[in-house]
Amino acid sequence: MNISYSDPLSRAWARMKKALFQPFNMNKWVNIGFTAWLASFTDCNGSSGSNNSNIGNKHDFGEFFDMPQTAWQWLNDHTFWFSLIVVGVILLMLLVTVLMWLSSRGKFMFLYNVVYDKDEVRKPWNEFKKLGNSLFVWQFFYSWIAFFMVIGFFIFGFLSFKKMYFGGVPDAVKISSIVSMVLVFLIFLILFGYISLFLKDFVVPIMYKHKLPVGKAWFKFLSLLGKNLGPFIVYGLFIFVLSIGAAIAIIFFALATCCIGLLLLVIPVVGAIILLPVTYTFRAFSIEFLGQFGDDYTLLPEETISIESLTSENIQ
């Protein structure tokens with residue numbers, strides 16, 4: 001089977017132009033952008049960190065390793081702030097859960113609009129209630145399992161390095177241990193990234209087409225993945241490169257508008273509407289790519305835009 005990456009991207013780009021610009025309809029943009037905004041709540045799976053502590057000598061390292069004890073003592077001495085933090089964490093968890101639920105339904109709403117070139121909100125919201133709830137339950141448990149795995153990894157790394165530091169382990173062993181833990185953490189990040197990508201780009205469309213709960217859709221996709229591991233791994237790398245290109249284009253957009261565009265992008269809904277050509281193209285690309293594996297994975301109607309028609313339009 002000859003799997004292409006450029007052809008599905010070209011068709012996705014043509015589909016986006018036809019849906020959003022031929023003709024341009026602001027009401028359609030707003031409606032589709034709203035569903036894209038709902039779908040994107042759980043798509044920001046990156047993590048950030050800083051390493052600004054001054055740990056150049058043993059005294060600083062000692063203070064660093066004493067931080068958990070110091071923090072716990074401070075919380076015990078300030079019960080009001082401790083209670084406030086606990087309430088804040090609970091409210092944050094509830095907010096994340098609600099956003100995850102909305103996003104699960106929104107993914108099917110956005111997919112529906114891309115597949116049928118629609119701009120509907122109410123109909124797909126009601127139609128995909130069952131599938132959205134199935135996706136939400138899976139994402140809920142997966143997200144918290146991944147979160148606690150990452151937290152556990154950091155705790156393990158912290159305690160291991162503390163033991164090595166106070167145990168008089170040679171610096172070479174410490175460095176090799178740190179490098180090993182960093183590599184393992186990067187492998188975890190890549191694995192979690194692929195799981196999230198496959199869920200959004202392929203499992204959700206399979207659920208949509210066959211009206212399957214998330215578990216059965218995963219089983220169907222994994223059987224396909226087992227036979228085509230290479231193309232799907234390359235797909236992830238291709239998406240990574242495209243995302244970098246899109247990010248650079250967004251930065252240029254922000255600079256060209258004297259950062260006004262950047263301010264608009266951070267406004268809820270407004271940012272999703274502005275970036276709709278990008279998110280629409282990515283969504284269309286994923287289903288165009290999946291459709292190459294046979295009718296069982298084809299979502300788009302028969303009148304899907306061909307590269308030949310796109311080329312003839314450009315020539316004219």
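The values are calculated or read from the model by the stated rules, or taken from the named source; none is laboratory data. This one's a predicted model, so the numbers in the text were calculated from it and none came from an experiment. Note that we place each Cβ from the backbone using ideal geometry, even for glycine, and neighbour counts take in every protein chain shown. All accessible areas refer to the heavy atoms of the entire protein, side chains included, with ligands and DNA or RNA removed. Shrake-Rupley method; radii C 1.70, N 1.55, O 1.52, S 1.80 Å.
For the reader, a short list of remarks on this structure follows.
- Of the whole protein surface, VAL234 contributes about 70 Å² of accessible area at a 1.4 Å probe radius.
- Accessible-area ranking of PHE238, PHE221, PHE192, largest first, probe 1.4 Å: PHE238, PHE192, PHE221
- Per-atom-type breakdown for the chain gives carbon and sulfur 70% of the accessible area (1.4 Å probe, protein chains only).
- Ranked from largest to smallest solvent-accessible area, with a 1.4 Å probe on the protein heavy atoms, ASP171, ASP117 come out as ASP171, ASP117.
- The accessible area of GLU127, taken with all protein chains in place and a 1.4 Å probe, comes to roughly 90 Å².
- Relative to the globular-protein estimate of 2.2 N^0.38 Å, the Cα radius of gyration of the chain stands at 1.20.
- Charges were assigned to the Cβ only: +1 to each Lys and Arg, -1 to each Asp and Glu. The resulting dipole of the chain about its Cα centre is roughly 600 debye.
- Per-residue [θ]222 nm for the chain (sum of -39500 (n - 2.57) over DSSP H runs n ≥ 4, rounded to 500): -25500 deg cm²/dmol
- For region 202-266, fraction of C-alpha pairs farther apart than 13 Å, in %: 72
- Cβ-derived FRET efficiency at R0 41 Å, LEU225 paired with VAL266, nearest 0.05: 0.70
- Counting only protein heavy atoms and a 1.4 Å probe, the chain has 59 square angstrom of accessible area per residue.
- Rounded to the nearest 20 debye, dipole of region 114-247 from Cβ charges on Lys, Arg, Asp, Glu: 440
- Projected-area mean, region 75-158, by convex hull of Cα positions, square nanometres: 8.1
- Here, P(r) means the percent of Cα pairs in each 10 Å bin from 0 to the largest distance; for region 111-180 it is 16, 24, 17, 14, 14, 12, 3.
- For TRP29, the solvent-accessible surface computed with a 1.4 Å probe is close to 30 Å², ligands and nucleic acids excluded.
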